[in-house]
């Protein structure tokens, strides 16, 4: 968790002490590491003062100050510096090599790392490459090193975890790889994963959904949600002259220490039971392997088991790698998945419109075979306004086919399409990943524009902002699996501070209306 406001964040992504305490209550969190944005936006020393003052009155909050090496004679003797932080209550520290103009090179940070290792004080490293942090952990094998939400879409994750036993991963939003929790626990055990909310940058319901709706047993979930962190904090060498920081226990979903009870659809996440809401549709998902990372068990049978476990009725698939010229093969694989389970798997047709056969002809072939929408992606190297897409837009508009577009802000260039094609529902994927206000503006102006919500960063407050400014009737749930976790993206919606009827509209009513619009 973070105190204050980071640079560039919207107005609703701000946390003062009362809002942090309300968030702890809502999500039943009784122990949280807290860091101050001021350590980055102002300076480390002043930010740490703000942090220690803020946590003084709430035993649930454990200060996680920023650290600097004494390379420029700022903090004094590193062992004394670490001792002072521990006496003030720190049980973990943060390092920002880029922001604070330092490095992971042992010639610079070696004395600091040795001091931290001597006291077994965990360090969370930000702004550094995964392999560089792993090398740091290997150099100081008795120092717990935490990587906050590492980029996991590669083929280096498991080998590093297997060979670096003092390296930990926080499963904050952005760490959302499909079935990564299950595979890591199977390969390395559950002890190396730590639940992290990311509040107010991210929606805490996203990692909670990711963990509690995983296929792990209850013991593994408890370790990741609570025990692993508490054990790390308990191992810190506070020594006789440093009073121990009183740390409460974390009981996710257990309200014994809170006045509020889990309510609404979110209560089913805590209970690890399917959402009892018939008709939930995942409007944005993919099928098949990808070039950059391993896809762990995303076959049809596995997908259906995941959907059953959390309560999703249908999923809309396009082939992973939708920018590939191999669209015929890609679409055939989705059609085969649809044939395996026609009542639950729907399909988006993709194209590569360098000629009619791979463009409109391929879209027509797939729609005639039973697909119900079109997926276009900028990875194909063509602007959505490229004239070669015009026949496809015209066909989709005539047939009222939903068209899912990969977007990331910068919607101005799409307005000619919104203006011309008014019958096809246009689904803007990753709405709110950037420039959320522009999504609201265009959805207000064009009634066939819908906002599809999937984004691994799960920005805090964006769903609430969209509902407040636009209403829930133009928003759609999607997972982007296997690029992301289905459970993580569902958790964002279930825990959002919106009415239960609004959640039902996003999950059930809006997809139903779009599909009915096409059929009629």
Seminar exercise, completed: Among the residues of segment 169-197, the number that are touching a helix residue (DSSP H, G or I) at 6+ places or on another chain (Cβ under 7 Å) and under 28 Å from residue 461 (Cβ atoms) is 11
Problem set entry | So residue 167, is it more than 23 Å from residue 309 (Cα to Cα) and in contact with a strand residue (DSSP E or B) (Cβ under 6 Å, 6 or more places away or on another chain) | yes
Seminar exercise, completed: Looking across segment 1-29 at residues that are in contact (Cβ under 8 Å) with a residue 60 or more places away in the chain and assigned to a strand (DSSP E or B), the single one that is nearest to residue 197 (Cα to Cα) is 2
For this session: Looking at (1) at pLDDT 95 or above; (2) under 20 Å from residue 392 (Cβ atoms), find the lone condition where residue 308 falls short.
Result: (2)
For this session: Please determine, by comparing only the residues of segment 251-285 that are modelled with pLDDT of 95 or more and in a helix (DSSP H, G or I), which one is surrounded by the fewest Cβ atoms within 10 Å (Cβ to Cβ).
Result: 271
Problem set entry | Qualifying residue in segment 209-226 (condition: touching a strand residue (DSSP E or B) at 6+ places or on another chain (Cβ under 6 Å), buried (at least 22 other Cβ atoms within 10 Å of the Cβ), assigned by TED's automatic domain parsing to the domain that holds residue 156 and in contact (Cβ under 8 Å) with a residue 40 or more places away in the chain) | yes
Problem set entry | Of all residues making up segment 149-193, the number that are part of a loop (DSSP other than H, G, I, E, B), crowded, with 16+ Cβ neighbours inside 10 Å and within 20 Å of the chain's Cα centre (by Cα) | 13
Seminar exercise, completed: Within segment 126-169, residues being within 18 Å of residue 110 (Cβ to Cβ) and in contact (Cβ under 8 Å) with a residue 40 or more places away in the chain number 1
For this session: Could you tell me which of the residues 288, 311, 359, 370 is over 25 Å from the mean Cα position of the chain (by Cα) and surrounded by 16 or more Cβ atoms within 10 Å (Cβ to Cβ)?
Result: 359
Problem set entry | 2 or more residues more than 27 Å from the chain's Cα centre (by Cα), assigned by TED's automatic domain parsing to the domain that holds residue 165 and surrounded by 18 or more Cβ atoms within 10 Å (Cβ to Cβ): qualifying helices (runs of 4 or more DSSP H) within segment 30-147 | 44-55, 78-87, 106-119
Problem set entry | Odd one out for residue 428, checked against (1) in contact with a strand residue (DSSP E or B) (Cβ under 6 Å, 6 or more places away or on another chain); (2) more than 22 Å from residue 511 (Cα to Cα) | (2)
Seminar exercise, completed: The residue that is surrounded by the fewest Cβ atoms within 10 Å (Cβ to Cβ), considering only those in segment 456-476 that are over 13 Å from residue 207 (Cα atoms) and within 14 Å of the chain's Cα centre (by Cα), is 461
Exercise. Restricting attention to segment 410-425, which residues are under 16 Å from residue 511 (Cα atoms) and crowded, with 18+ Cβ neighbours inside 10 Å?
Worked result: 424, 425
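The values are calculated or read from the model by the stated rules, or taken from the named source; none is laboratory data. What you are looking at is a predicted structure, and each value in this text was computed from that prediction instead of being measured. Glycine also receives a Cβ, built like all others from the backbone with ideal geometry; neighbour counts cover every protein chain displayed.
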